[in-house]
1. Once the other residues with Cβ under 13 Å from the Cβ of T40 are scored (Lys, Arg +1; Asp, Glu -1), what is the net sum?
2. DSSP loop (so not H, G, I, E, B), at most 15 other Cβ within 10 Å: list which chymotrypsin sites (Phe, Trp or Tyr not before Pro) in region 8-79 pass both filters.
3. Per the Cauchy relation, a quarter of the hull surface: what is the mean projected area of the convex hull of the alpha carbons in the chain, in nm²?
4. Do any trypsin sites (Lys or Arg not before Pro) in region 26-59 lie in a loop, going by DSSP, with at most 15 other beta-carbon atoms within 10 Å of their beta carbon, and if so which?
5. Net charge near D142: determine it from the other residues with C-beta under 11 Å of the C-beta of D142, scoring Lys and Arg +1 and Asp and Glu -1.
6. What is the local net charge at Q81, summed over the other residues whose Cβ is closer than 14 Å to its Cβ (Lys, Arg +1; Asp, Glu -1)?
7. Largest first and in whole Å, what are the equivalent-ellipsoid semi-axes of region 87-152 based on the Cα gyration tensor, each being the root of 5 times an eigenvalue?
Amino acid sequence: MKVLGIDPGSNITGYGLIENGPKGFIGKAYGEIRSPRGGTFSGRLLKIHKEMFELIDSNEPDAVAMEEIFYGKNVQSLIKQGHARGVIILAAAQRGIPIFEYSPTQIKQAVVGYGQASKDQVQSMVKIILGLSETPSLDESDALAIAICHSNFLKTTEA
């Protein structure tokens, strides 16, 4: 099973594709969708939507997993993140890919074993779990962690 994890953001959207292999998880692809500075907000959303289609079409994931929206200090950022999540959900739904959501605590617990882990701890564990030679950016490692969380969840529901 291939899982596409998404860390949504209006400026930077991280993505990570993993596959369940016979000896564990295999990191297939990861990267960032970066919106150009100075562009319109609608242009950013359109770029995210188009690149999500490209990711889905070229990688054919069985599922898309993303972080649930959570309340932060900056309401404007929260609203923009909600818009980015909306176009990501729309792209997956238009391609018939099921979408799953996990809380930040669930994701950290699945990857690090501790729900209050730091971003650096998540980043380090993602690199170890997937046997990556390079350290992914924080947005990339968050997306990979979300994919790992979903895959771990599937293992517990299949048992």
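Rule-based calculations on the coordinates, nothing more; no lab input. No experiment lies behind these values; they were computed from the predicted model shown. Here Cβ is always computed from backbone atoms with ideal geometry, including for glycine, and neighbour counts include all displayed protein chains.
1. On the way: positive: R37, R44, K47, K80; negative: none.
With Lys, Arg at +1 and Asp, Glu at -1, the net is +4.
2. When the chymotrypsin sites (Phe, Trp or Tyr not before Pro) of region 8-79 are filtered for loop state and at most 15 Cβ neighbours within 10 Å, F70, Y71 remain.
3. Working: hull surface 37.2 nm².
Over all viewing directions, the chain projects a mean Cα-hull area of 9.3 nm².
4. Answer by residue number: R37.
5. After counting each charged neighbour, the total is -3.
6. -2
7. 23, 14, 10
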